[in-house]
1. Could you sort Trp194, Trp30 by accessible area so the largest value comes first, with the probe set to 1.4 Å?
2. Using only C-alpha atoms and all pairs of different ones, pull out the Kirkwood radius for the chain in Å with one decimal.
3. Name the residue from Ala193, Pro221, Met24 whose Cα lies farthest towards the positive end of the charge dipole of the chain, charges +1 on Cβ of Lys and Arg and -1 on Cβ of Asp and Glu.
4. Put +1 on the Cβ of every Lys and Arg and -1 on every Asp and Glu Cβ in the chain; which of Ser182, Gly236, Tyr77 then has its Cα farthest towards the positive end of the dipole?
5. Suppose we take every Cα in the range 48-205 and form the convex hull; what volume per residue is that in Å³?
6. At q = 0.11, 0.15 Å⁻¹, what base-10 log of I(q)/I(0) does the Debye formula yield for the range 1-139 when every alpha carbon is treated as an equal point scatterer in vacuo?
7. Once ligands and nucleic acids are excluded and a 1.4 Å probe is used, how much of Phe123 is accessible, expressed in Å² to the nearest 10?
8. Ignoring everything but the protein chains, give the 1.4 Å probe accessible area of His238 in square angstrom, nearest 10.
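The values are calculated or read from the model by the stated rules, or taken from the named source; none is laboratory data. A quick note: this is a predicted structure, and the numbers were derived from the prediction, not measured. Neighbour counts run over all protein chains shown; Cβ positions are idealised from the backbone, glycine included. SASA here: full protein model, heavy atoms, side chains in, ligands and nucleic acids out. Shrake-Rupley method; radii C 1.70, N 1.55, O 1.52, S 1.80 Å.
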Amino acid sequence: MKMVEPIVQPAAVLRGTLRLNEPMAKHVSWRAGGVAARAYIPAGRTDLATFLATLSGHEPVCFIGLGSNLLVRDGGYRGTVVLMHSPAGAMRVEDELIYAEAGVACPKVARLAATRGFEGAEFLAGVPGTVGGALAMNAGCYGSETWDVVAKMLTVSRAGKLSERKPTDFEVGYRRVELCGSKLGEDEWFLAAWFRFRPGDEKRARVRIKKLLAKRIAEQPLELPNAGSVFRNPPGDHAARLIEACGLKGHEIGGARISEKHANFIVNPKGKARASDIEALIGHARDTVKRRFGVDLVPEVRIIGEAG
């Protein structure tokens, strides 16, 4: 195992990489934030399971895919991050289900499903994260959500135990997923999932994917560092509408700006924003909407670490 710091045995025989003081701006889509005390890149699920079992039960652990829904504060994360994104992650058809590892980018699942004659996966082309992240937050867009199509999933516990889970093991809501009897994201994490899509027409699915991506490009500031939608949509309304109605499009704090194209996006246009700028802008938008409309916007993004 290539690493900078030795860990207690038997981790020294593991494959993968362990880094100290890893700059997290390289691993989150906002391109801002502090360092992680340790960052582990596993070579496979067996190595990951063994590595987790070597950690103290009090060690903070955070799994990160594409970092498209995460902000690490400027003071850094005093724990271990596990970098899961895997461009070569496994995907295949198994018994009329699509299997995908947690580190696979969601748009790849959409394309594989289309080429194999399935429909219903097209929305995943618009989810800018990995399968693991989509499972953890029930990511969705354009009227569909991840857990609408989940058949079963594989998880790993802090003790290194692999478990095949059913959807009924979880409580799932809008951008919310909880595991009955365990703390998802603290004591158990997703490793893979099997998705059930309906049989369909490849050409029709590809056309839908193309239209969805064109809509995203037209409506969202994808050319600038961002983390997707910052807030959940409140019941019967849209966070973007409320923020825009407060006149906050283009509002800046430090190097962070509320997008002029989509008010529920915060961008880092020059790559110089600090995590504190972004967090302050999130707070300002929440406070302003609360004062004017009495609506408490709930952040969709996850914020971890210590203040700088």
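1. Solvent-accessible surface, decreasing: Trp194, Trp30.
2. So the Kirkwood estimate lands at 20.2 Å.
3. Pro221
4. Gly236
5. So the per-residue Cα hull volume is 115 Å³.
6. Debye curve over Cα of the range 1-139, log10 I(q)/I(0) at q = 0.11, 0.15 Å⁻¹: -0.45, -0.78.
7. Surface accessible to solvent at Phe123 totals approximately 10 Å².
8. Around 110 Å² of this residue is reachable by solvent.
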